[in-house]
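A quick write-up on the structure given underneath.
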Amino acid sequence: MNKQSGVMLGLLLPLAIGLGFTAPATAQVSSNIGVVSNYLFRGVSQTDDGAAIQGGLDWENESGLYFGTWLSNVDFGGKEDAEVDLYAGFGNEFGDSGISYDIGTIYYLYPGGGDLDYAEAYFGLGFGAVSASVAYTYWGEVSGASAFDTGDLYYNISADLPISLEKFSLSVFAGYYDFDEDGNPDAGDELSYGHWGISLGRDLGDFGTLSLTYEQTDGGDRDVIAADDKPNLWLGWTLEF
């Protein structure tokens, strides 16, 4: 395990214990694989508008404590060709309120990509069909005035919409990336931007889930992070087991 991720897990475990984790609780392991026609992360293509093969492995305790890793190919125009995410968190409900929470940390690793790695802490809330979260970048490998350094914030909200078609699901989402270096001429003027989208899913039973997603970015002068305001329509397939 990467040394940085080990430090993050060490910081998280006391919090998880304080929130109610107990060692005797049982746990389960799950995995997933997927293929997407374009890997969009927070509204921006990570594959130069190309396809990606992805997969992950998760361990979750019935108390709410979880660890996991997730991988995908990427293409930023450099030597990097993969993204490896390492994460840990704790999720549960506030008593019988029906309000769920999720708190954790994630480390984004880009082997061979130079100074691209960064780490976030995140906190999310959910109630019924609506969920919202905020992520804070507390460590970044980049140097100087740049996006993905410390201090960046990302806000997200999503909702599942009612749909009468059997085995179909419909959801909407929106996010805003607030970069700490926004407005700094050395960082490339206006970096912060918003994005939104809508996704239609089809449950294929033992063959996974198929989804069609429309996503649009909006605002800012974001050449530094290779984004523009063009609409994106991408197809994805995932299978969990």
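The values are calculated or read from the model by the stated rules, or taken from the named source; none is laboratory data. Note that the structure is predicted; figures quoted are calculated from it, not measured. All Cβ positions, glycine included, derive from the backbone under ideal geometry; neighbour counts span all protein chains shown. When the accessible area is computed, the model is the full protein with side chains, heavy atoms only, and any ligands, DNA or RNA have been set aside. Shrake-Rupley method; radii C 1.70, N 1.55, O 1.52, S 1.80 Å.
I need the shape label for segment 29-138. Rule: rounded when a/c is under 1.5, else prolate if a/b > b/c, else oblate, with a, b, c from the alpha carbon gyration tensor.
Values: a/c = 1.96, a/b = 1.93, b/c = 1.01.
Prolate, because a/c is 1.5 or more and a/b exceeds b/c.
When the solvent-accessible surface of protein heavy atoms is calculated with a 1.4 angstrom probe, in what order do D206, D49 fall, highest first? If you can, show how the numbers build up before the last one.
Numbers: D206 140, D49 70 Å².
Solvent-accessible surface, decreasing: D206, D49.
Considering only protein heavy atoms, what is the solvent-accessible area of T238 at a probe of 1.4 Å, reported in Å² to the nearest 10?
70 Å²
To the nearest 10 square angstrom, how much accessible area does V29 have with a 1.4 angstrom probe?
The accessible area comes out at roughly 100 Å².
Please report, as a whole percent, how much of the solvent-accessible surface of segment 47-121 comes from carbon and sulfur atoms (probe radius 1.4 Å). Write down the numbers at each step before the final one.
Values: 1870 of 3330 Å².
Carbon with sulfur: 56 percent of the solvent-accessible area.
Is the shape of segment 116-160 rounded, prolate or oblate, going by the alpha carbon gyration tensor and its root eigenvalues a ≥ b ≥ c, with a/c under 1.5 for rounded and a/b larger than b/c for prolate? Numbers along the way, then the final one.
Values: a/c = 4.01, a/b = 3.23, b/c = 1.24.
It is prolate, given that a/c is not under 1.5 and a/b is the larger ratio.
Kindly sort F90, F67, F123 by accessible area of their heavy atoms, largest first, with the probe set to 1.4 Å. Write down the numbers at each step before the final one.
Working: F90 0, F67 60, F123 85 Å².
Accessible-area ranking of F90, F67, F123, largest first: F123, F67, F90.
Considering only protein heavy atoms, what is the solvent-accessible area of E181 at a probe of 1.4 Å, reported in Å² to the nearest 10?
About 40 Å², ignoring ligands and nucleic acids.
For segment 31-188, what is the relative contact order in percent, using Cα pairs closer than 8 Å and at least 6 residues apart in sequence? Walk me through the numbers on the way to the answer.
Values: 372 pairs, mean separation 19.2, N = 158.
Once normalised by length, the contact order is 12 percent.
Report the FRET efficiency, 1/(1 + (r/R0)^6), for D58 and V35, where r is their Cβ-Cβ distance and R0 is 22 Å, rounded to 0.05.
On the way: r = 19 Å, r/R0 = 0.86.
Given R0 = 22 Å and the Cβ-Cβ separation, E is 0.70.
Subtract the Cα-Cα distance of V172 and A82 from 0.36 nm times their separation in residues, and report this length gain in nm to one decimal.
Values: separation 90, 0.36 × 90 = 32.40 nm, distance 2.80 nm.
Taking 0.36 nm per residue and subtracting the Cα distance, the gain is 29.6 nm.
Along the Cα→Cβ direction, 7 angstrom out, place labels at F207 and D160. What is the inter-label distance in nm?
2.3 nm
Quick check: with the 1.4 Å probe, what order do D102, D152 take by accessible area, largest first?
Values: D102 50, D152 0 Å².
So, going from the largest accessible area down, we get D102, D152.
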